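Student: So that we are looking at the same thing, I have put the structure below in structure tokens.
The values are calculated or read from the model by the stated rules, or taken from the named source; none is laboratory data. On a predicted model such as this, the values are computed, not experimentally measured, just so you know. We place every Cβ from the backbone using ideal geometry, glycine too, and count neighbours over all the protein chains shown. Areas reflect the complete protein model, heavy atoms only, side chains present, ligands, DNA and RNA absent. Shrake-Rupley method; radii C 1.70, N 1.55, O 1.52, S 1.80 Å.
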Amino acid sequence: LESFYARQLRLSPHVLGHSKAHVGRVVAELVRAAKAQGLQPGPLALSLRGDFVRIGSAYEQHKVRSPDCFDILVPLRLPPHLEPQPRCADGLGPRGAFVCGLRARAGWPRRYRPFAEGFCVELQGRSHLSSGLVLRWFQGHLQRCLGAVRYRLQERCRISLSACPGRPPTLHILPCSDYVCCHISMAVRLIPAIPLGDALYLTALPPEGPQAPPAPEGLWGLNASRQEQRLLSWLKEQAPASSCHLKCLQILKGLRDLRGQGLEEPFCSQWGRVLSSYVLKTALFSLLLQGPLEAWDERFLVERLEDLVLYLRDCLRKQVLMHFFLGNASLPEAVALPRFLKEATPVNLLAAFDGPTLDLAAFQLINTWIQAPHVIRMYSSPRYLRPALTP
């Protein structure tokens, strides 16, 4: 396990630091240009707030393999009189996810009608902000601003923007050879986000799959990345300096990816969704708060990793793993939650999967752990390693 971590999973802090700094400079230029070229904030306009929020494993110190993919939230400014309305109880949207609508208040003034016609859809007889229409506007707006930014950055890097229907646009950055010492092509997913206050954001729900029905465009997903970062910071302060909790998460992600190389479809795709990085991180959070943090010292790495595997197996067998922040009353007082999260309806992250799929995932998880040395030797060869996907 130590060799697997050192050779295949661990990132160079030097390379990661350079990559994050380069991404930050390029995204700052693009966001600044997009804000300047956007419509003036007003009752009939969408516009960028002017900042961006770094999220995901690259900024939480548990990214694996290569610092070539990053996630960035880009907050928007919205017209007034749009109120968030949690919709989990309605049965709308995908199972296993918290969904929220941004509903127009009753009796919108006539002057808001052009905005409603351009960016809203009807949902249960009321106007709701459409995630699909906002996403299309965001993609087009960034594309129009790319030319000026590309000219300013031509000595540093080459940049381009790509987009798939229903997904946030991806900014591709190729540093010039004489600009930085770490010549890594980077893909940055730029995610338009609706601020709710208290460092909470709404983002478009991702497509569930090629054959799954699309979620209503009037629904949004909840992003609590900043709360996760605060919890990780608190855990770093409370745990031993040599704590292995993030290393456990990285190794488990690596074992999951290797096992996925040898699985057949359709279960191969389900395996990655059932044991998504978010599910693994949620299980780690839950386990960390169950016992003394001193037990996560580096010398207990194998024991804690086995505990995490067994905890996940039990969750899969019971078909229950609750979202860590929604309605969770057992969080430490030092990690203050916004009222919106405290009062939210709890969500089971595994609700989208049927029993046989979860049972098979539990079996494969235990099998992967028992055969970890064999799995590492077998699927780490160049014959099995697949190129990493862009986010």
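Student: Under 6 Å between Cβ atoms, at least 6 apart or on separate chains: pull out the pairs that start in the range 93-115 with a residue that is assigned to a strand (DSSP E or B) and end on any residue that is surrounded by 12 or more Cβ atoms within 10 Å (Cβ to Cβ) and modelled with pLDDT under 80.
Tutor: Every condition considered, the pairs that remain are VAL99/ARG87; VAL99/GLY93; GLY101/ARG87.
Student: Right, here's the next one. Does TRP234 qualify as being at pLDDT 90 or above and either in the same structural domain as ARG126 (by the TED database) or out of contact with any Leu (no Cβ under 6 Å at 6 or more places or on another chain) (or both)? Even if it seems obvious, please write down each step before you answer.
Tutor: On the way: at pLDDT 90 or above: yes; either in the same structural domain as ARG126 (by the TED database) or out of contact with any Leu (no Cβ under 6 Å at 6 or more places or on another chain) (or both): yes.
So TRP234 passes the test.
Student: Please indicate, with yes or no, whether at least one residue in the range 127-149 is among the aromatic types (Phe, Trp, Tyr), open to solvent by 50 Å² or more (accessible area, probe 1.4 Å) and assigned by the TED database to the domain that holds ALA28.
Tutor: Within the range 127-149, the first condition is being among the aromatic types (Phe, Trp, Tyr), and the residues that meet it are 137-138.
From the residues that got through so far, the ones that are open to solvent by 50 Å² or more (accessible area, probe 1.4 Å) too are none.
No - not one qualifying residue is present in the range 127-149.
Student: Shifting gears a bit: So, of the residues in the range 310-361 that are outside any helix (DSSP H, G or I) and of a type in the set (Asp, Glu), which turns out to be nearest to SER277 (Cα to Cα)? Spell out the reasoning first.
Tutor: Start the filter on the range 310-361 by keeping residues that are outside any helix (DSSP H, G or I), which leaves 319-338, 343-354.
Next cut, of a type in the set (Asp, Glu) only: 333, 343, 354.
Working: GLU333: 26, GLU343: 25, ASP354: 19 Å.
It comes out as ASP354.
Student: Moving on to the next point. Suppose we keep only residues that are at pLDDT below 80 and not aliphatic (A, V, I, L, M) within the range 92-111. Which one would you say is most open to solvent (accessible area, probe 1.4 Å)? First the steps, then the outcome.
Tutor: Step one: list which residues in the range 92-111 are at pLDDT below 80, which gives 92-94, 106-111.
Still in the running and not aliphatic (A, V, I, L, M): 93-94, 107-111.
On the way: GLY93: 28, PRO94: 21, GLY107: 74, TRP108: 51, PRO109: 53, ARG110: 183, ARG111: 138 Å².
Out of the qualifying residues, it is ARG110.
Student: Another question, then. Kindly state which strands (runs of 3 or more DSSP E) lie completely within the range 163-207 and contain at least 3 residues that are open to solvent by less than 10 Å² (accessible area, probe 1.4 Å), at pLDDT 95 or above and in the same structural domain as LEU73 (by the TED database).
Tutor: So the answer is 186-197.
Student: Please go through (1) within 28 Å of ARG65 (Cα to Cα); (2) modelled with pLDDT of 95 or more; (3) open to solvent by less than 80 Å² (accessible area, probe 1.4 Å) for ILE370 and return the number of the only condition it doesn't satisfy.
Tutor: (3)
Student: Can you confirm whether the range 57-67 contains a residue that is crowded, with 18+ Cβ neighbours inside 10 Å, modelled with pLDDT under 90 and closer than 30 Å to HIS14 by Cβ?
Tutor: Yes, that holds for at least one residue.
Student: Could you count how many residues in the range 333-367 are farther than 25 Å from PRO94 by Cα and modelled with pLDDT under 95?
Tutor: 4
Student: Let me ask something else about it. Only one of THR357, THR368, THR345 is hydroxyl-bearing (Ser, Thr, Tyr) and farther than 29 Å from PHE4 by Cα. Can you tell me which? Lay out the reasoning, then the answer.
Tutor: Details: THR357 fails: farther than 29 Å from PHE4 by Cα; THR368 fails: farther than 29 Å from PHE4 by Cα.
Exactly one of THR357, THR368, THR345 is hydroxyl-bearing (Ser, Thr, Tyr) and farther than 29 Å from PHE4 by Cα, namely THR345.
Student: Continuing with this model, one more query. May I ask you to verify whether SER269 is in contact (Cβ under 8 Å) with a residue 40 or more places away in the chain and more than 14 Å from TYR5 (Cβ to Cβ)?
Tutor: Details: in contact (Cβ under 8 Å) with a residue 40 or more places away in the chain: yes; more than 14 Å from TYR5 (Cβ to Cβ): yes.
In short, yes.
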